[in-house]
1. Considering only region 74-110, state which residues are of a type in the set (Lys, Arg) and either free of Cβ contacts under 8 Å to residues at least 24 places away in the same chain or exposed (fewer than 13 other Cβ atoms within 10 Å of the Cβ) (or both).
2. Working only within region 50-60, note down all residues that are open to solvent by less than 40 Å² (accessible area, probe 1.4 Å) and without any contact (Cβ under 8 Å) to a residue 40 or more places away in the chain.
3. If we keep just the residues of region 61-73 that are surrounded by 17 or more Cβ atoms within 10 Å (Cβ to Cβ) and out of contact with any strand residue (DSSP E or B) (no Cβ under 6 Å at 6 or more places or on another chain), which is farthest from residue 40 (Cα to Cα)?
4. For residue 34, which of the numbered conditions (1) of a type outside the set (Phe, Trp, Tyr); (2) out of contact with any Leu (no Cβ under 9 Å at 6 or more places or on another chain); (3) open to solvent by less than 30 Å² (accessible area, probe 1.4 Å) fails to hold?
5. Can you confirm whether region 61-70 contains a residue that is under 24 Å from residue 3 (Cα atoms) and part of a loop (DSSP other than H, G, I, E, B)?
6. If we scan region 30-43, do we find a residue that is at positive phi and among the polar types (S, T, N, Q)?
7. Filter region 1-31 for residues that are out of contact with any Lys or Arg (no Cβ under 6 Å at 6 or more places or on another chain), assigned to a loop (DSSP other than H, G, I, E, B) and open to solvent by less than 50 Å² (accessible area, probe 1.4 Å); which is nearest to residue 103 (Cα to Cα)?
Amino acid sequence: MSPRTEQIARLNDQLRATFLTGKVVMTEGIAALPAHTRVEIATCVRDFRDFTPDNDPHSERDFGAFEVEGAGRIFWKIDYYDPGYEGHSEDASDPAVTRRVLTIMLAREY
């Protein structure tokens, strides 16, 4: 893994584990679930470590999927935006020019 990819993965892990270094968005389907289910989903996202070449082909640790009883299949995805959230970041490894958005959704909302 290149140093640039390692940096992107580290920044993605930081957002996913803390929910503090970017924006976290839940879709309407997630928001409509009971509070205890939303807490379980958030915990699963924070604790996600099941990265494989199939779900993480670029080694950036920017996507995951898992099952939650009562909710079904859940996807989460991290996207990289410029500081104004108007377009893609020019360099996802540089936090000075990148804003991360973690979206958590029901797979059927994808």
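The values are calculated or read from the model by the stated rules, or taken from the named source; none is laboratory data. Here the structure is a predicted model, which is why all the values come from computation and not from measurement. For neighbour counting, all protein chains shown are included, and Cβ atoms are generated from backbone atoms with ideal geometry for every residue, glycine included. Ligands, DNA and RNA are excluded from the accessible area calculation, which covers all protein heavy atoms including side chains. Shrake-Rupley method; radii C 1.70, N 1.55, O 1.52, S 1.80 Å.
1. 108
2. 55, 56
3. Residue satisfying both the conditions and the ranking: 61.
4. (3)
5. Yes - at least one qualifying residue is present in region 61-70.
6. Looking through region 30-43, none of the residues is at positive phi and among the polar types (S, T, N, Q).
7. That would be 27.
Yes/no per residue for (1) within 18 Å of residue 110 (Cβ to Cβ); (2) of a type in the set (Ser, Thr, Tyr); (3) under 12 Å from the mean Cα position of the chain (by Cα):
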| site | (1), (2), (3) |
| --- | --- |
| 13 | no, no, yes |
| 53 | no, no, no |
| 63 | yes, no, yes |
| 72 | yes, no, no |
